[in-house]
Amino acid sequence: MPQDNVFVYFRYNEKDSVMVVLNNNKKEQVLDLKRFAESIGTIKKGKDIISGKEFSLQNTITIPAKTSLVIELQK
């Protein structure tokens, strides 16, 4: 379910997991990752597969306005 017009979903298979984040707002948004603890589990970091930017997945991430991220969860 979207919160503050930010959509988040996860895709995974036996080897890989990704977190897809879509910010449809005109302003950047801060995403509280506690809401996704069940899906993130013990994973501490991820990497956007498009830009290569690394993210800490322990507290929050900031998503720029009108942006999508595909974050590969790194075990």
What single numbered condition from (1) open to solvent by less than 40 Å² (accessible area, probe 1.4 Å); (2) in contact with an Asp or Glu (Cβ under 6 Å, 6 or more places away or on another chain) fails to hold for Ser17? (2)
Is at least one residue of the stretch 36-53 touching a strand residue (DSSP E or B) at 6+ places or on another chain (Cβ under 6 Å), acidic (Asp, Glu) and part of a loop (DSSP other than H, G, I, E, B)? no
Among the residues of the stretch 15-35, how many are in a loop (DSSP other than H, G, I, E, B) and more than 25 Å from Lys75 (Cβ to Cβ)? 5
Would you check if Phe55 is surrounded by 14 or more Cβ atoms within 10 Å (Cβ to Cβ), of a type in the set (Phe, Trp, Tyr) and touching a Gly at 6+ places or on another chain (Cβ under 9 Å)? yes
For the stretch 59-66, indicate whether the set of residues that are at positive phi and open to solvent by 60 Å² or more (accessible area, probe 1.4 Å) is non-empty. yes
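The values are calculated or read from the model by the stated rules, or taken from the named source; none is laboratory data. Values in this document were obtained by computation on a predicted structure and should not be read as measured data. When we count neighbours, we look across all protein chains shown, and the Cβ atoms used for this are built from the backbone with ideal geometry, even at glycine. Just so you know, the surface numbers come from the protein's heavy atoms only, side chains and all, with ligands and any DNA or RNA stripped out. Shrake-Rupley method; radii C 1.70, N 1.55, O 1.52, S 1.80 Å.
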